[in-house]
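Asks: The structure under discussion is supplied below as C-alpha cells; questions concerning it will follow.
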Amino acid sequence: MHVLGKRKGKTAKTVNPLCLVLAPTRELADQIWDVLRDAGEPCGVKTICLYGGTSKGPQISSLKSGIDIVIATPGRLKDLMEMNVCHLTEVSFVVLDEADRMLDMGFRQEVRLILSNTCSGMCHYF
C-alpha cells in the first residue's frame, strides 16, 4: 500500500495498474478483491475485479478512471488487453493465485501472454 500511495500525484489518465493478481475463477477473484479493496480504500488505493460472465462496460469504465490493483481471471483480462483498454506495462508486482489450477483449466497461453505484457525485467512474482 505504501508503494501505491506514492502514485497519488499522477492523473487518472496516466495511471496504469502497478499490481496484478490472477486467479482461476471469478469466485476466488472476488474474494481476493474484497480483501484488497477493504485494505486499500483507506489509503486511496483503487482496485478492480475483472472476470467473465458479466458486462465489460463497467469494467472498462473503471479501468479508464485509473486503477492501482487489478484482480482478474486470465480469460477476461486477455479480452480487455486485446481491446486495448487494459495496459500492464507498469505492473511491478504479479501474484498467481492457484497457478496450478489455472494451468489445469487450460489458461497456459493466456497466462504467458499476460506475463509477457508486464514489465517483466522489473517485476516481483509471487
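The values are calculated or read from the model by the stated rules, or taken from the named source; none is laboratory data. Computed from a predicted structure; not experimentally measured. Cβ atoms come from the backbone with ideal geometry, glycine included; neighbour counts cover every protein chain shown.
Asks: Considering the range 1-37 alone, what residues qualify as being within 23 Å of Leu115 (Cα to Cα), assigned to a loop (DSSP other than H, G, I, E, B) and modelled with pLDDT under 55?
Replies: Scanning the range 1-37 gives a single hit, Met1.
Asks: Looking at the range 56-73, is at least one residue surrounded by fewer than 13 Cβ atoms within 10 Å (Cβ to Cβ), under 14 Å from the mean Cα position of the chain (by Cα), at pLDDT below 95 and of a type in the set (Lys, Arg)?
Replies: Looking through the range 56-73, at least one residue is surrounded by fewer than 13 Cβ atoms within 10 Å (Cβ to Cβ), under 14 Å from the mean Cα position of the chain (by Cα), at pLDDT below 95 and of a type in the set (Lys, Arg).
Asks: Considering only residues that are among the β-branched types (Val, Ile, Thr) and not in a helix (DSSP H, G or I), look in the range 59-75 and name the one that is nearest to Asp34 (Cα to Cα).
Replies: Among those that are among the β-branched types (Val, Ile, Thr) and not in a helix (DSSP H, G or I), it is Ile71.
Asks: Before we move on, is Leu88 of a type in the set (A, V, I, L, M), on the phi < 0 side of the Ramachandran plot, in a helix (DSSP H, G or I) and surrounded by 15 or more Cβ atoms within 10 Å (Cβ to Cβ)?
Replies: On the way: of a type in the set (A, V, I, L, M): yes; on the phi < 0 side of the Ramachandran plot: yes; in a helix (DSSP H, G or I): no; surrounded by 15 or more Cβ atoms within 10 Å (Cβ to Cβ): yes.
So Leu88 does not fit the description; no.
Asks: Now for a different question. If we scan the range 101-113, do we find a residue that is over 12 Å from Asn16 (Cβ atoms) and in a strand (DSSP E or B)? Spell out how you get there, then give the answer.
Replies: Initially, the range 101-113 is screened for residues over 12 Å from Asn16 (Cβ atoms), giving 101-113.
With in a strand (DSSP E or B) added as a condition, the list becomes none.
No, because not a single residue in the range 101-113 is over 12 Å from Asn16 (Cβ atoms) and in a strand (DSSP E or B).
Asks: As an exercise: evaluate Lys78 against (1) in a helix (DSSP H, G or I); (2) surrounded by fewer than 18 Cβ atoms within 10 Å (Cβ to Cβ) and give the number of the one condition it does not meet.
Replies: (2)
Asks: For the range 99-119, enumerate the residues that are more than 20 Å from Leu28 (Cα to Cα), touching a residue at least 24 places away in the same chain (Cβ under 8 Å) and either exposed (fewer than 13 other Cβ atoms within 10 Å of the Cβ) or more than 11 Å from the chain's Cα centre (by Cα) (or both).
Replies: Leu113, Asn117, Cys119
Asks: Would the range 83-98 turn up any residue that is of a type in the set (Asp, Glu) and more than 14 Å from the chain's Cα centre (by Cα)?
Replies: yes
Asks: Something else about it: Take the range 38-54 and flag every residue that is at pLDDT 95 or above, under 23 Å from Cys119 (Cβ atoms) and outside any strand (DSSP E or B).
Replies: Within the range 38-54, no residue meets the criteria.
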